[in-house]
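Take a look at the structure below.
The values are calculated or read from the model by the stated rules, or taken from the named source; none is laboratory data. Keep in mind that what you see is a predicted model, and the values were worked out from it rather than measured. Note: ideal-geometry Cβ built from the backbone for every residue, glycine included; neighbour counts use all protein chains shown.
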Amino acid sequence: MRRLLLLLAAAWGLLGPWAVAWAGGQGHTARAPARIQDVRLWSGPATSRVVLDLTAPVRYRLFTLDHPPRVVLDLQGATMPQGLRRRPYRDGILRALRSARRGGSLRVVLDLKGAARPKAFLLPPSGDYGYRLVVDLDRPEAARRSPARAPVGAGRGEGREKAREVVVAVDAGHGGEDPGAKGYRGTYEKDVVLAIARRLARWVDREPGMRAVLVRDGDYYIPLRARMAKARRARADLFVSVHADAFRDPRARGSSVYVLSRRGASSEAARWLAASENASDLVGGVSLDDKDEVLRSVLLDLSQTATLEASLEAAQLVLRRLRGLGPVHRRQVEQASFVVLKSPDVPSMLVETGFISNPREERRLKDPAYQDRLAEAIFRGIRDFFLRNPPPGTLLAQRRPKAHVIARGETLSGIAARFGVSVERLRAANRLRGDLLRVGQVLLIPPGDG
C-alpha cells in the first residue's frame, strides 16, 4: 500500500521534481544505493540515446540548461566509478559527460552540441541487461531537415509536373539499446534485419521508377512512432518493417507477414482525432484543420480503409513470394496492432523473415546469400503490387501495362519473348497460376525487364 501511495503521489506531482524510477521489490525492504556500472551511447540521425546501466532502480530528476546546452540528471543516492565520471564523445549530439556529488545525489551532466528535447525513463531487467536509465535526446532541427509530406497527387505529375519515383520506406526493426530477439548462438535480431533491410533497399533502388528510403541505417534506436513519421515525411507509398520472430519452442519456423488489424486502426483513428497537433496534418493529401469533427472522422476513416486494403493486397503478394523460399509460418497474412503499422495514409506491412530462435533458421538468417534471397522475394512482392496499382503521377503509372488480346496458337512464353518481359512477370500482372490461355483473353503486358 505504501508503494502504491508513493506512485500515486508521484503521478500527481506531490513529490516535487523527483521521478520515482523503481520496479520490483517487496514491502518495506531496504535497497542498496544504485551504482552506475556503465554509460553507453547510441547515435542516430535525429535521436541519440544515452543509457546508464544501474545495479538497482533510482529516483531521479531531469532538467535542461542553456548557454551552452546541457541536460542534467540528479540521481538520489547513486554512485559512479571514477573512470566513468568524465568522458568525451564524438558521435551524435552528445559532446561530453561529467558528474559530481551534490549533497545526497549524484549529478550527471550531458554537455550537448546543440539544442535537444530530452526524455528519460527507467527500464527493468531484461535478458542480458539489468536496470537501465535511458535518456533520449531528440533534435528538432534534424526532423525539420527531412522533406515534409506533400498532399497526395499535388505536384505529382498531374500532366504538368515531372513524374516521380515510387518511394518504399524500409524499416529495420529494433536497433541500438533494443537488440530484439536473440538466437540460440547469440545472433541479435537487430543486426540480421538491418542486413536484410539494406539488401531490400538495394533491390528497390535497382528497379526503374522505384526508390528506397532506409528508416534505420545503423545500430541506433528509433522510437516506433518516429519510424512511421519518417516514412510519411519521405512521402512513402509503402512502409515495410523487417523483423525476425522468436518463440520458446525452437522448432517454430517460417516467415510471416502482418498488416494492421481493424481494431488497431480504430484506436489509431481516435488517437489522431483527439491529438490537436494532428488537426493541421495531411491525411491522404487532405488537411483536417478546417473540417468539423464529423467530416474529419469520415475523411480519416476513408483514408484508413483505403490504406488497409492496399496494405493487405501488398502483404498477400509479398507472402506469396516468400512461399517460394520454403515453408511459411502462416499461409495467410496476419493482422495485429503493431504501432509501426498505424500510419493512416501509408500502406504498411511487417515481415517476420523467420524464427531466429530456431537454430537452423538462425544460421540461414545470418547467411548473406539467404539474406539476399529473402530481400529479393520481398522486393518482388512489392513490385508485383505496384505494377498492379501504380500511384498516380509516378513513373510506374506512365509505364502502365498494355492490353494484348490472345490469338490462336499463342503461348505465354512466346508473348513474353515478344514483349521483352519474363513469364513470371506476365503471370504476376495477370494473376495467372499456370500457362493456360484462352483465345480472346485480354492479357496485361507489364513494362519490359530492361
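Screening the candidates ALA375, ALA369, ALA397 for the property of being in contact with a Leu (Cβ under 8 Å, 6 or more places away or on another chain) and part of a helix (DSSP H, G or I) yields one hit, ALA375. Among the residues making up the stretch 180-204, those that are surrounded by fewer than 21 Cβ atoms within 10 Å (Cβ to Cβ) and touching a Phe, Trp or Tyr at 6+ places or on another chain (Cβ under 8 Å) are GLY180, LYS182.
Can you say whether ARG233 is assigned by TED's automatic domain parsing to the domain that holds ILE382, basic (Lys, Arg) and closer than 29 Å to GLY393 by Cβ, as far as the supplied structure shows? Judged against the criteria, ARG233 is a match. Look at (1) of a type outside the set (A, V, I, L, M); (2) within 13 Å of VAL166 (Cβ to Cβ); (3) in a loop (DSSP other than H, G, I, E, B) and you find that PHE386 fails only one, number (3). Residue pairs whose Cβ atoms lie under 8 Å apart, sitting 6 or more positions apart in sequence or on different chains, and linking a residue in the stretch 74-87 that is on the phi > 0 side of the Ramachandran plot to a partner that is outside any strand (DSSP E or B) and surrounded by fewer than 17 Cβ atoms within 10 Å (Cβ to Cβ), are GLY77/PRO33; GLY77/GLY104.
Summed over the stretch 211-260, the residues that are crowded, with 18+ Cβ neighbours inside 10 Å, aromatic (Phe, Trp, Tyr) and part of a loop (DSSP other than H, G, I, E, B) give a count of 2.
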